[in-house]
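Notes follow once the structure below has been shown.
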Amino acid sequence: MAHTATAVTEALGQSEPFLAFQERLSRVAPVNRPVLLIGERGTGKELAASRLHYLSNRWQAPMVALNCAALSPSLIESELFGYEKGAFTGALQRRVGRFEAADRGSLFLDEIGSIPMEVQEKILRVVEYNAFERVGSSESVESDVRIIAATNADLKYLARKNRFKQDLLDRLSFEVLFLPPLRERKEDIFLIASHFAGRMALELGWDEIPVFSDEAVEALENHIWPGNIRELKNVVERAVYRSDAATITEIDFYPFHSPYENTAAPAAAKSAADESAGGTDLGKLLQGPLKEAVWQLKATMMQTALQKAKYNQKKAARILGLTYHQFRGMYRQYKATQPDTPSP
């Protein structure tokens, strides 16, 4: 079955990069040509595609979406173009593909860089002639579809490596819109976080609207957000549900820390701390580079505080005179330097 979009959730933002992107999107939306959306994971490519569709002259027709990365190469062709009864084992009846379902509307191809070359050839024919054949048929089917494609891959590089058809790339890139990552939209982070927090509170049946402490806002705004909006939503919703009050004070960016990771072998942890600080030999520290010496001292003090606090990180932060978020940042840096240990 084809998945059609039934509602559009408005994108939120007031930063200059966000507004500039929305302006470019709105300008190209009424133009009946393909658009290529390029952005990191979690930047809202599907939301942008929906906005393109609903601002176009095709808004009353279906918008059909296909995540090309979610299908095996052998299935993508039949999903896009449909198939006839008996075309292959298990094809018990004719099935309409996404191009046919999106007739007079828009087809959103997410992760288009995952499409096999032989299927790209058929897509190019649709773009050029508005016609295709179902799998197992030689009958031509006409389809008037506007393609909106999205990717976080470098399609120019893939084309140079003959993994993406240059002709198709040329046809799809009438306009190329780059979605700004969240780290470039610092002014929008608090606005979006407040939106997600309010929705989560409503879902939990709260009577009060959540607010963020100054410390929590600072932590949110200083985070790099590799997962962009999707990561922000997850982080904020987790913070709201864990909070015992309407004021959100603690933000956990990385929930994969086991509370037992440092309790299994305290002696080994102490040994690692001693080793990381050069055995706490001041003479050795003074002989090395300043930056390295400072870091070794920090690592030693952090491990010592953790041992005193019985590996309770909030207590360790208080021992060091740091906020919990400052301690977490230092702890993440430390973990990133340890071999075979994933960085939070």
Subject >> Restricting the range 147-250 to GluC sites (Glu not before Pro) in coil, as DSSP defines it, with at most 16 other Cβ within 10 Å >> reply: 208, 250
**OP:** Round to the nearest 0.05 the FRET efficiency obtained for residue 32 and residue 323 when R0 = 45 Å and r is the Cβ-Cβ distance.
**Re:** 0.25
Subject >> Alpha-carbon centroid distance for the pair the range 235-254 / the range 110-148, whole angstrom >> reply: 46
Subject >> Karplus-derived 3J(HN,Hα), 6.51/-1.76/1.60, for each residue of the range 214-231, Hz, glycine and proline x >> reply: 4, 5, 5, 4, 4, 5, 5, 6, 9, 6, 7, 6, x, x, 6, 4, 4, 5
Subject >> Per-residue HN-Hα couplings for the range 128-133 [Karplus 6.51, -1.76, 1.60; θ = phi - 60°; Hz; x = Gly/Pro] >> reply: 7, 10, 6, 8, 7, 10
**OP:** Give the relative contact order (percent, whole number) for the range 183-248; include only Cα pairs under 8 Å separated by 6+ residues.
**Re:** 45
Original post:
Within straight cross-link reach of residue 85, meaning Cα distance under 22 Å, which lysines are found once same-chain residues fewer than 8 apart are removed?
Top reply: 122
**OP:** List 53, 325, 195 from most exposed to least, where exposure is judged by having the fewest other Cβ atoms within 10 Å.
**Re:** 195, 325, 53
Original post:
Using the per-residue mean of other Cβ atoms lying within 10 Å as a proxy for protection, in what order, highest first, do the peptides 71-80, 110-119 fall?
Top reply: 110-119, 71-80
**OP:** Set the Förster radius R0 to 35 Å, insert the Cβ-Cβ distance between residue 167 and residue 19 as r into 1/(1 + (r/R0)^6), and round the FRET efficiency to 0.05.
**Re:** 0.55
Subject >> Considering only the range 3-180, percent of DSSP beta bridges that pair antiparallel, nearest 5 >> reply: 25
Original post:
Please identify the trypsin sites (Lys or Arg not before Pro) of the range 152-200 that satisfy two criteria: DSSP loop assignment and at most 16 other Cβ atoms within 10 Å. Which are they?
Top reply: 161, 163
**OP:** For residue 224 paired with residue 176, estimate the spin-label separation in nm (one decimal), with each label point 7 Å from Cα along the Cα-to-Cβ line.
**Re:** 2.5
Subject >> Per-residue ³J(HN,Hα) for the range 148-161, Karplus 6.51 cos²θ - 1.76 cosθ + 1.60, θ = phi - 60°, Hz, x for Gly and Pro >> reply: 10, 10, 9, 6, 10, 8, 8, 5, 5, 5, 4, 5, 5, 8
Subject >> Extension gain from residue 195 to residue 308, taking 0.36 nm per residue of separation minus the Cα-Cα distance >> reply: 36.7 nm
Subject >> Amide H within-cut-off set for residue 248, under 5 Å, with H built and near neighbours excluded >> reply: 211, 212, 213
Original post:
How much length is gained on full extension from residue 130 to residue 70, taking 0.36 nm per residue of separation minus their Cα-Cα distance?
Top reply: 19.1 nm
**OP:** Take the Cβ-Cβ distance between residue 156 and residue 211 as r, set R0 to 35 Å, and report the resulting FRET efficiency rounded to the nearest 0.05.
**Re:** 0.20
**OP:** For residue 108, list long-range residues whose amide hydrogen, built 1.01 Å from N in the peptide plane, is under 5 Å from its own amide hydrogen.
**Re:** 64, 65, 66, 148
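Computed from the coordinates by the stated procedures, all read-outs in this text should not be read as laboratory data. Given the structure is predicted, the values throughout are model-derived calculations rather than measurements. Counting neighbours? That spans all protein chains shown, and the Cβs are built from the backbone with ideal geometry, glycine included.
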